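For reference, the structure is listed below as structure tokens.
The values are calculated or read from the model by the stated rules, or taken from the named source; none is laboratory data. None of these values were measured; they are calculated from a predicted model. Here Cβ is always computed from backbone atoms with ideal geometry, including for glycine, and neighbour counts include all displayed protein chains.
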């Protein structure tokens, strides 16, 4: 996989912060697993911001496909 551009990293961070964007959408678009997104967030953010983000997304149903209601199947971003 090619290295990510600063623009890609910025977009991944933005998507990771969005409540309704599942990690699967980030993986589909950028090829990064949930674990890799977490590593990127840890590397790119201040420690306090990373901890706040982890607390926010930990167990959030909308971020994890396995926890989502089966009726929620929206992923429309082509980018």
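A few notes on this one:
- Scope the stretch 16-29; condition in contact (Cβ under 8 Å) with a residue 24 or more places away in the chain and touching a helix residue (DSSP H, G or I) at 6+ places or on another chain (Cβ under 6 Å); matching residues: 16, 21, 22, 23, 24
- Scanning the stretch 1-32 for residues that are surrounded by 17 or more Cβ atoms within 10 Å (Cβ to Cβ), assigned to a loop (DSSP other than H, G, I, E, B) and at pLDDT 95 or above returns a single hit, 32.
- Residue, surrounded by the fewest Cβ atoms within 10 Å (Cβ to Cβ), within the stretch 33-65, restricted to residues that are within 10 Å of the chain's Cα centre (by Cα), modelled with pLDDT under 90 and not in a helix (DSSP H, G or I): 64
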